[in-house]
Amino acid sequence: MSEPLDQVMPPARLAALPDVEPARPCLRELFREHLDYVWRIARAFGMPADAADDVAQEVFLVVHRRLPTFQPGGSIRAWLFGITRNVVQHHRRAYARRERNLASVEPPPPAAAPEASVELRQAAALMQEFLDRLDFDKRIVLLLADIEGLTASEIAEALDIPLGTVFSRLRAARLKLERFSQRIQVRDLRRPS
């Protein structure tokens, strides 16, 4: 039977009631009420605005994981401050690590001027034109020697031909390349500027 509402409950009965814990805050409410606070704390720690956005997001991911460990009755703002401080420190360490890694990598060579790029493409096209006209036996020896850097004995072994044949084909291919190069130079000299 229940007690009437207007009667005072004796202390012995009051002590026997189960403890009612204050309710834990909801993540959605925390986010809505304290996002600006967390962002301002991140900025106060020196994070740029775009990085403060990332920090704030990460803080609330941590809050989501650690919400069950929050002690009701404690200060939410103090708890969020501590989490924010830790996340900012993590971001700073990660940034320093990235900077060290980037400093250890050689920068890429400067981009070639557009004229140089055009000239390079034209030279590659001319070389391809020469190679297309060269018979296969001479072309393969020339490519293996001058492009791939194989020695004459390695080429002889790879193609299963005598060493003398390698030298003969390579000499013939280089002579044809020399003549082709001379014809291109003459053609370029005849062009009006």
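The values are calculated or read from the model by the stated rules, or taken from the named source; none is laboratory data. These figures come from a predicted structure and were not determined experimentally. Glycine also receives a Cβ, built like all others from the backbone with ideal geometry; neighbour counts cover every protein chain displayed. Note: accessible area is taken over every heavy atom of the protein model, side chains too, but ligands, DNA and RNA are not part of it. Shrake-Rupley method; radii C 1.70, N 1.55, O 1.52, S 1.80 Å.
Assuming R0 = 30 Å, can you tell me the calculated FRET efficiency for the pair Ala111 and Asn86, based on Cβ-Cβ distance, to the nearest 0.05?
Working: r = 42 Å, r/R0 = 1.39.
The formula returns an efficiency of 0.10 here.
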Problem set entry | Computed magnitude of the charge dipole of segment 63-185 (debye, nearest 20; Cβ of K, R +1, Cβ of D, E -1) | 1260 debye
Exercise. To the nearest 10 degrees, how steep is helix 163-190 against the longest Cα principal axis of the chain, on a 0 to 90 scale?
Worked result: 90 degrees
Exercise. On full extension of the chain, what length is gained from Glu178 through Ser153, given 0.36 nm per residue of separation minus the C-alpha to C-alpha distance?
Worked result: 6.6 nm
For this session: With the full set of protein chains in place, find how many percent of the accessible area of the chain is carbon and sulfur; take the probe as 1.4 Å.
Result: 57 percent
For this session: Work out the charge dipole of the chain with +1 on the Cβ of Lys and Arg and -1 on the Cβ of Asp and Glu about the Cα centre, then indicate which of Ile161, Leu126, Phe70 is farthest towards its positive end.
Result: Leu126
Exercise. Considering the values (1) 83, 23, 15; (2) 35, 15, 13; (3) 57, 22, 13, which represents semi-axes √(5λ) of the Cα gyration tensor in Å as calculated for the structure under consideration?
Worked result: (1)
For this session: Would you calculate, for the chain, the mean residue ellipticity at 222 nm contributed by helices, counting each DSSP H stretch of 4 or more residues as -39,500 (n - 2.57) and dividing by all residues, to the nearest 500?
Result: -23000 deg cm²/dmol
Seminar exercise, completed: Over segment 105-193, with neighbouring protein chains present, the accessible area per residue in Å² at probe 1.4 Å is 77 Å²
